[in-house]
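Novice: This is the structure I have questions about; it appears just below.
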């Protein structure tokens, strides 16, 4: 069971973003929100999604949205920014990890189906910011994720100085279809374990 936001230690709230092709109403994000209750949760869409566009904005606009939503959630939940857990699916989680690497305060990162590289392009790894992540990180990925095999992701995340935990969903691809409850349980357990 996740801690209440009225506690003076531990995570005070959770901010979640969807992947590039989905919305904040994605079933796995809803399942996570239910699983971590009564912890305050904000599921947020990026600007392009709110405006009805399909193509994601450029990274600076996506990162500005992460910073803005984190500030709003900290105010709404009445918690210090460093008590927020940030993350989400695929691109949403990656943008949160870059924002935290760039200095956005956080208690930890939940990175679901982290897109290590584009499918079929193992040389194009998105790892430059990983050595700057000092907060605890939870990575949840399918063992058949075309955006990065388990051994690739484990190798890349060794560069993270913060504590890293991997949860592998056997036989699942990047969409982690049918694994919503497993994801939610893993996130809830991990958040409850944070100091």
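Novice: Would you calculate, for the chain, the mean residue ellipticity at 222 nm contributed by helices, counting each DSSP H stretch of 4 or more residues as -39,500 (n - 2.57) and dividing by all residues, to the nearest 500? Can you show the working numbers first?
Specialist: Values: 6 runs with 67 residues, N = 195.
It lands at -10500 deg cm²/dmol.
Novice: Continuing with this model, one more query. Could you list 17, 139 in order of exposure, starting from the residue whose Cβ has the fewest other Cβ atoms within 10 Å? Each step should come with its number before you reach the end.
Specialist: Numbers: 17 30, 139 26.
Sorted ascending by nearby Cβ count, the order is 139, 17.
Novice: Rank the residues 96, 137 as a footprinting-exposure proxy: fewest other Cβ atoms within 10 Å of their Cβ go first.
Specialist: Numbers: 96 28, 137 25.
Listing 96, 137 from fewest to most nearby Cβ atoms yields 137, 96.
Novice: Can you tell me the length gained on complete extension of the stretch residue 58 to residue 72, counting 0.36 nm per residue apart and subtracting the Cα distance? Don't skip to the answer; put the middle values down first.
Specialist: Working: separation 14, 0.36 × 14 = 5.04 nm, distance 2.16 nm.
Extending this stretch completely gives an extra 2.9 nm.
Novice: Which three numbers, in whole Å and largest first, are the semi-axes of the equivalent ellipsoid of the chain derived from its Cα gyration tensor as √(5λ)?
Specialist: Working: eigenvalues 105, 68, 57 Å².
Semi-axis lengths for the chain are 23, 18, 17 Å.
Novice: What distance in nm separates the simple spin-label points at residue 134 and residue 25, each placed 7 Å from Cα in the Cβ direction?
Specialist: 4.1
Novice: Moving to a separate point now. With the cut-off at 1.5 for a/c, could you classify the stretch 118-195 from its C-alpha gyration tensor as rounded, prolate or oblate?
Specialist: On the way: a/c = 2.57, a/b = 1.05, b/c = 2.46.
Since a/c reaches 1.5 but b/c is at least a/b, the shape of the stretch 118-195 is classed as oblate.
Novice: Another question, then. Hey, if you drop one equal point scatterer on each alpha-carbon of the stretch 29-84 and run the Debye formula without solvent, what base-10 log of I(q)/I(0) do you get at q = 0.15, 0.18, 0.28, 0.31 Å⁻¹?
Specialist: Debye intensities relative to I(0), on a log10 scale: -0.53, -0.72, -1.10, -1.16.
Novice: Using a simple spin-label model with points 7 Å from Cα along the Cα→Cβ vector, what separation in nm is obtained for residue 80 and residue 177?
Specialist: Inter-label distance under the simple model: 4.5 nm.
Novice: Just to be sure I understand the model, the point goes 7 Å from the Cα along the line to the Cβ. What's the resulting residue 143 to residue 192 distance in nm?
Specialist: Rounded to a tenth, the inter-label distance reads 2.6 nm.
Each value in this text was obtained by applying a stated rule to the coordinates, not by laboratory testing. All values reported here derive from a predicted model rather than from experimental measurement. Because the Cβ atoms are built from the backbone with ideal geometry, glycine has one as well, and the counts that use them run over all protein chains shown.
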